[in-house]
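A quick write-up on the structure given underneath.
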Amino acid sequence: MAIHQPNLFPRLSTLAKLFAADCWIVLDDVQFARRDFQHRARLGSMSGPDRRQWLSIPTHLPHGRSTLIKDAVVADPDLARRRLTHMLAQYYAKSPDWPRFRGGLDAVLHGFETARMADLAEESTKLLLRLLGWRGRILRSSCLAVRSERSERLADLSAATGARGYLCGTGGMRYLVTAPFEAHGVSVVPFVTSNTGVWREAREMSSLRPLMAAGIAAVADDVRTVAAGHQQTMGSA
């Protein structure tokens, strides 16, 4: 089990965590954060990761700062769609894997029709997971009844799907209380990756850069290796 907010073309560290899980719960009923990755992705040039630019989707929060992720809306869908399409082509159209990526992009662009930022971000993540060959299932936290305290919420969400283990990133491990998970019989498995090769910039920019520069097949092999390691850890827990 992995639980994570819907991110726009997420970082490779996030994508790998989702890939390693049998189920991803989209955490869509928590507060939208403008400084997070729910409506933006940092693109890195194929010529080198030092050339970076934010791809940001203008987002309106109907309830101000208290707006939940699921309620945030794209401010100007037509303009945002054109900008996203243009920037992605500008950065990655020269990649040998661009046609394969572009062939699946229409499902993401369709998300602009709902004008819900969460839909758009979720579809962008699903596209990348499909390219890597993930066959897991997806649920939304807003459809499940859980307690409100942060660790209890995550534990309840994990238990609701019958998960035996919860994959927790390095950020989550700093605050997570394990007792609610233990009460449900769910093991907390820290999710970590290397900091070399394609993982060097895995926490800083969108996974689009390694996928388009190193190639989908090569990145998929690395992600599968990391996933297998965590699944082995889960099996021995």
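Points worth noting:
- Residues of the stretch 96-118 satisfying the condition of being touching a residue at least 40 places away in the same chain (Cβ under 8 Å) and within 16 Å of the chain's Cα centre (by Cα): M117, A118
- Of all the numbered requirements in (1) open to solvent by less than 40 Å² (accessible area, probe 1.4 Å); (2) outside any helix (DSSP H, G or I); (3) among the aliphatic types (A, V, I, L, M); (4) at pLDDT 95 or above, A163 misses one, and that requirement is (4).
- Criterion (open to solvent by less than 50 Å² (accessible area, probe 1.4 Å) and of a type in the set (A, V, I, L, M, F, W, C)) met by exactly one of V192, V188, V177: V188
- Residue check, L79 open to solvent by 70 Å² or more (accessible area, probe 1.4 Å) and either outside any loop (DSSP other than H, G, I, E, B) or over 21 Å from T170 (Cβ atoms) (or both): yes
- The listed residues are S151, S158, S142, and the only one of them that is of a type in the set (S, T, Y), under 27 Å from P58 (Cα atoms) and assigned to a helix (DSSP H, G or I) turns out to be S142.
- Any hit, the stretch 56-66, residues being open to solvent by 40 Å² or more (accessible area, probe 1.4 Å), in contact with an Asp or Glu (Cβ under 6 Å, 6 or more places away or on another chain) and in a helix (DSSP H, G or I): no
- Of the criteria (1) under 22 Å from R34 (Cβ atoms); (2) touching a Ser or Thr at 6+ places or on another chain (Cβ under 8 Å); (3) part of a helix (DSSP H, G or I); (4) in contact (Cβ under 8 Å) with a residue 60 or more places away in the chain, which one Y91 fails: (1)
- Qualifying residues in the stretch 5-17 (those that are more than 13 Å from S124 (Cβ to Cβ) and in contact with a Lys or Arg (Cβ under 9 Å, 6 or more places away or on another chain)) - the one surrounded by the most Cβ atoms within 10 Å (Cβ to Cβ): L12
- Verdict on L131 being crowded, with 19+ Cβ neighbours inside 10 Å and part of a strand (DSSP E or B): no
- Total residues in the stretch 18-36, condition open to solvent by 20 Å² or more (accessible area, probe 1.4 Å) and not in a loop (DSSP other than H, G, I, E, B): 2
- Test set (1) touching a Leu at 6+ places or on another chain (Cβ under 7 Å); (2) under 24 Å from H39 (Cα atoms); (3) assigned to a helix (DSSP H, G or I); (4) not aromatic (F, W, Y) - G172 fails condition number: (1)
- Candidate set: the stretch 37-55, residues that are over 19 Å from A115 (Cα atoms) and not in a strand (DSSP E or B); chosen: the one nearest to the chain's Cα centre (by Cα): M46
- Within the stretch 41-55, the residues that satisfy the criterion of being open to solvent by 30 Å² or more (accessible area, probe 1.4 Å) and either within 23 Å of T14 (Cβ to Cβ) or modelled with pLDDT of 95 or more (or both) are R42, M46, P49, D50, R51, R52, Q53, W54.
- Pairing each residue of the stretch 196-215 that is farther than 24 Å from S56 by Cβ with any residue that is basic (K, R) and surrounded by fewer than 22 Cβ atoms within 10 Å (Cβ to Cβ), provided the two are 6+ apart or on different chains, yields no C-beta distance under 7 Å.
The values are calculated or read from the model by the stated rules, or taken from the named source; none is laboratory data. These figures come from a predicted structure and were not determined experimentally. Every residue, glycine among them, receives a Cβ derived from its backbone with ideal geometry; neighbour counts consider all protein chains shown. What goes into the accessible areas is simple: the full protein's heavy atoms, side chains included, and nothing from ligands, DNA or RNA. Shrake-Rupley method; radii C 1.70, N 1.55, O 1.52, S 1.80 Å.
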